[in-house]
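Asks: The structure follows.
The values are calculated or read from the model by the stated rules, or taken from the named source; none is laboratory data. Everything quoted here is computed from the prediction, not taken from an experiment. Note: ideal-geometry Cβ built from the backbone for every residue, glycine included; neighbour counts use all protein chains shown. Heads up: the accessible areas ignore ligands, DNA and RNA and are worked out on the full protein's heavy atoms, side chains in. Shrake-Rupley method; radii C 1.70, N 1.55, O 1.52, S 1.80 Å.
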Amino acid sequence: MLLGCIADDFTGATDLANNLVRSGMRTIQTIGVPSGPLAQDVDAAEVDAVVVALKSRTTPAAEAVAQSLAALEWLKRAGCRQFYFKYCSTFDSTAQGNIGPVAEALMQALGAKLAIACPAFPTNARTIYMGNLFVGEVPLSESGMRDHPLTPMKDANLVRVLQAQSRGKVGLVPWTAVAAGEQAIRARFAALEAGGARLAVVDAITDADLHAIAAACAEHPLVTAGSGVAIGLPGNFRRAGLLPQRDNAAELPRVNGLAAVISGSCSQATNAQVAHWIESGRVAVRIDPLAIAGGKDAAADALKQTAQQLKAGPVLFYATAAPEEVKGVQAKLGVAEAGALVEKALAHIARGLIAAGVRRLVVAGGETAGAVVQALEVSALKIGQQIDPGVPWTATSGAHPILLALKSGNFGTRDFFVKSLEQLDRP
Ligand code: ADP
């Protein structure tokens with residue numbers, strides 16, 4: 001086990017794991033800190049990296065620190081050599097944290113003198129220049145993140161943002177040094193450290209920058225970043241002779257069984273994906289939150305209604321609805337209540353589908369995926385081939401694996417549901 005990662009949310013963890021697999025590391029994602037050793041379910045000798053998915057982005061800082069330290073302890077015991085704290089590519093955080101406090105607590109636990117902070121992910125149009133984070137063509141503070149309900153980002157200057165939530169001094173590795181390559185970055189690290197800095201925001205505009213930054217961090221006990229810098233870390237392990245060239249990092253067990261799709265996301269992308277499925281003439285059952293609130297057991301009814309159809313081909317179960325309809329439901333039931341009621345019904349359907357022989361399941365929606373994974377008592381996922389950017393197929397661990405594709409809101413092309421299931425049948 002080479003790399004131990006701590007991610008501050010579930011879909012972010014998958015995004016990171018996906019990048020590691022694509023760079024040739026066999027990667028497992030765990031849901032929370034596992035209660036026992038990984039060896040219970042997985043052969044640890046067959047794993048190069050583990051990503052522990054936490055839900056610590058917006059919890060109180062002390063709680064995020066405690067969870068992250070527990071994850072670190074577990075990863076250390078699993079034998080990891082280097083550690084990675086993964087946050088969002090838009091540096092989602094509040095004035096209280098949690099990026100600074102978690103980074104500093106992990107540094108202290110690892111005896112790290114300096115750690116980078118680099119959310120850049122040029123592939124997704126997140127770049128950093130002179131410490132300023134850009135989303136596409138605009139500074140972070142002019143992007144949609146300005147109005148985020150939980151973590152509004154009103155300052156694009158990451159040195160300032162991180163300094164406000166850190167005890168130690170925060171410095172900058174400017175793009176001039178990054179563009180000059182690994183040795184220039186290392187020299188800048190040394191200068192910052194000599195000047196008393198503990199955290200270094202690092203500029204990055206291209207994937208080549210990310211590779212140079214990763215190379216300069218080869219001996220750092222801790223790397224803090226978005227999922228971008230991870231594309232360069234496998235190269236470090238390879239150069240050190242620790243990681244063989246792997247062509248099969250994305251290999252999952254071949255699993256036969258019935259297939260289904262569960263959709264609880266109401267994003268624009270997911271609405272289009274549900275429409276595509278229905279237009280293509282496939283079987284789809286709508287789950288109506290108001291009917292459930294009226295006392296109907298919609299989940300049991302839907303399962304009963306589709307029992308025969310499921311044997312003939314994949315069935316879609318969806319609560320997905322257009323924004324006006326969702327608002328109407330929320331006005332009648334309350335936002336949180338409506339969400340919880342739908343998630344409970346979809347989780348019930350997931351359990352019913354597995355009992356009916358489904359072994360290939362696509363789930364749309366971040367919260368929905370969380371509810372399904374919890375209902376199926378999934379503790380770890382092996383990450384497989386990418387379907388669309390940020391969304392890979394995964395397999396549950398253990399003797400009887402289930403294949404899961406967990407798609408967060410706006411990800412995936414219009415034909416995502418059909419495409420993901422078809423991908424499994426390709427040789
Ligand atoms: P996304 O990844 O798009 O944000 P999530 O699953 O995280 O999707 O969030 C969608 C939320 O909306 C869930 O809590 C889900 O239960 C809820 N929901 C789904 N369908 C409806 C609906 N028809 N009316 C109200 N709420 C809904």
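Asks: May I ask what percent, to the nearest 5, of DSSP beta bridges between residues of segment 3-239 are antiparallel?
Replies: 25 percent
Asks: On to the next question. Antiparallel DSSP bridges in the chain: what percent, to the nearest 5? Could the numbers behind the result be given before it?
Replies: Values: 21 of 69 bridges.
Given both bridge residues lie in the chain, the antiparallel proportion sits at roughly 30 percent.
Asks: Can you pull the one-decimal nm distance between simple spin-label points at T123 and R286, each 7 Å off the Cα toward Cβ?
Replies: So the label points at T123 and R286 sit 3.7 nm apart.
Asks: Might you tell me the accessible area per residue for segment 258-424, computed with a 1.4 Å probe and given in Å²?
Replies: 42 Å²
Asks: Go through 137-148, 363-374 and give me the packing order, highest mean Cβ count within 10 Å leading.
Replies: For the peptides 137-148, 363-374, the packing ranking is 363-374, 137-148.
Asks: Please report the Cα spread of segment 3-239 along all three principal axes, rounded to whole Å, starting with the longest.
Replies: Result, largest extent first: 46, 41, 32 Å.
Asks: Give the angle, between 0 and 90 degrees and rounded to the nearest 10, that separates the Cα long axis of helix 268-279 from the longest principal axis of the Cα atoms of the chain.
Replies: Helix 268-279 sits roughly 30 degrees off the main axis of the chain.
Asks: Now a separate question. Can you give the FRET efficiency to the nearest 0.05 for A190 and A322, using r as the Cβ-Cβ distance and R₀ = 56 Å?
Replies: About 0.50, to the nearest 0.05.
Asks: Can you tell which of N236, G196, V170 lies farthest toward the positive end of the dipole of the chain, using +1 and -1 charges on the Cβ of basic and acidic side chains (Lys, Arg; Asp, Glu)?
Replies: N236
Asks: Could you tell me which of G136, G111, A45 has its Cα farthest along the dipole of segment 3-239 towards the positive end, charges placed at Cβ (Lys, Arg +1; Asp, Glu -1), taken about the Cα centre?
Replies: Comparing the listed Cα positions along the dipole, G111 ranks first.
Asks: Given Cα pairs under 8 Å that are at least 6 residues apart, what percent is the relative contact order of the chain?
Replies: This gives 17 percent for the chain.
Asks: Projecting each Cα onto the charge dipole of segment 258-424 (Lys/Arg +1, Asp/Glu -1 at the beta carbon, about the Cα centre), which of A269, V326, I354 comes out farthest on the positive side?
Replies: I354
Asks: With each pseudo-label sitting 7 Å past Cα toward Cβ, what's the E337-S35 distance in nm, one decimal?
Replies: So the label points at E337 and S35 sit 3.3 nm apart.
Asks: Measure off 7 Å from each Cα along the Cα-to-Cβ vector at D425 and D388, then give the distance between these two points in nanometres to one decimal.
Replies: 2.1 nm
Asks: Could I ask something else about it? Send over a whole-number figure in Å² for the accessible area per residue of segment 3-239, probe 1.4 Å.
Replies: 37 Å²
Asks: Another question about this same structure. Can you run phi through the Karplus equation (6.51, -1.76, 1.60; θ = phi - 60°) for segment 295-308 and list ³J(HN,Hα) in whole Hz, with x for Gly and Pro?
Replies: Using θ = phi - 60°, the values come out as x, 7, 8, 4, 5, 4, 4, 5, 5, 5, 4, 10, 3, 6 Hz.
Asks: Roughly what % of DSSP beta bridges within segment 258-424 run antiparallel, to the nearest 5?
Replies: Around 30 percent antiparallel, to the nearest 5.
Asks: Follow-up. Nearest 10 degrees is fine. How inclined is helix 335-355 to the longest principal axis of the chain, computing both from alpha carbons?
Replies: Its long axis makes an angle of about 70 degrees.
Asks: Further question: Separation of segment 326-348 and segment 294-318 by C-alpha centroid, Å?
Replies: If we compute the Cα centre of each part, the gap is 19 Å.
Asks: Moving to a separate point now. What is the extension gain from K113 to D297, computed as 0.36 nm multiplied by their sequence separation minus the C-alpha to C-alpha distance, in nm to one decimal? The partial results should precede the final answer.
Replies: Values: separation 184, 0.36 × 184 = 66.24 nm, distance 5.68 nm.
Between K113 and D297, full extension yields an extra 60.6 nm.
Asks: Evaluate the charge dipole of segment 302-360 about its Cα centre and quote only its size in Debye, nearest 20, assuming +1 on the Cβ of each Lys and Arg and -1 on the Cβ of each Asp and Glu. Spell out each step's value before the answer.
Replies: Numbers: 8 positive and 4 negative charges, 76 e Å.
The calculation lands at about 360 debye.
Asks: Of all the C-alpha pairs in segment 275-417, what % are more than 18 Å from each other? Each step should come with its number before you reach the end.
Replies: Working: 5951 of 10153 pairs.
The answer is 59 percent, as a whole percent.
Asks: A follow-up question, please. Helix 207-216: angle to the longest alpha-carbon principal axis of the chain, degrees 0 to 90, nearest 10?
Replies: For helix 207-216, the angle is close to 60 degrees.
Asks: Dipole size in debye (nearest 20) for segment 258-424 around its Cα centre, Lys and Arg Cβ +1, Asp and Glu Cβ -1?
Replies: For segment 258-424, the charge dipole is close to 340 debye.
Asks: What is the extension gain from D43 to Q183, computed as 0.36 nm multiplied by their sequence separation minus the C-alpha to C-alpha distance, in nm to one decimal?
Replies: 46.6 nm
Asks: Another question, then. Semi-axes of the equivalent ellipsoid of the chain: what are they in whole Å, largest first, if each equals the square root of 5 times a C-alpha gyration tensor eigenvalue?
Replies: Working through the eigenvalues yields semi-axes of 38, 24, 19 Å.
Asks: For segment 72-102, list residues with backbone N below 13 Å from a point placed 7 Å from the Cα of T59 toward its Cβ?
Replies: 72, 98, 102, by backbone N distance to the label point.
Asks: Sort the following peptides by mean Cβ neighbour count (other Cβ atoms within 10 Å, averaged over residues), highest first: 255-263, 150-158.
Replies: Packing proxy ranking, top to bottom: 255-263, 150-158.
Asks: Counting Lys +1, Arg +1, Asp -1, Glu -1, what net charge surrounds F416 among other residues with beta carbon under 9 Å of its beta carbon?
Replies: Summing Lys/Arg as +1 and Asp/Glu as -1 gives +1.
Asks: With the full set of protein chains in place, find how many percent of the accessible area of the chain is carbon and sulfur; take the probe as 1.4 Å. Could the numbers behind the result be given before it?
Replies: Numbers: 9260 of 17600 Å².
Accessible surface attributable to carbon and sulfur in the chain totals 53 percent.
Asks: List, largest first, the extents of the alpha carbons of segment 313-389 along their principal axes, each in whole Å.
Replies: On the principal axes, segment 313-389 reaches 39, 30, 28 Å in Cα extent.
Asks: Next question, about the same structure. Relative to the Cα centre, what is the charge dipole magnitude of the chain, using +1 at the beta carbon of each Lys and Arg, -1 at the beta carbon of each Asp and Glu, and rounding to the nearest 20 debye?
Replies: 440 debye
Asks: Same structure again: Give me the number: length gained by fully extending D247 to Q330, i.e. 0.36 nm times residue separation minus the C-alpha to C-alpha distance, one decimal in nm.
Replies: So the extension gain works out to 25.1 nm.
Asks: My understanding is that a pair violates if its Cα-Cα distance is over 24 Å; which of K296/K344; K296/K419; K382/K419 do that in this structure?
Replies: Result: K296/K419 exceed 24 Å.
Asks: By its C-alpha gyration tensor, with a ≥ b ≥ c as the square roots of the eigenvalues, how is segment 117-259 shaped: rounded for a/c under 1.5, else prolate for a/b larger than b/c, else oblate?
Replies: It comes out oblate by the Cα gyration axes.
Asks: Binned at 5 Å from 0, what are the whole-percent values of the Cα-Cα distance distribution for segment 197-243, short to long?
Replies: 5, 22, 33, 24, 12, 5, 0
Asks: On a straight-distance basis, which aspartates and glutamates could pair with K113 in a cross-link, Cα separation under 17 angstrom, same-chain partners fewer than 8 positions away excluded?
Replies: E104, E193, E219
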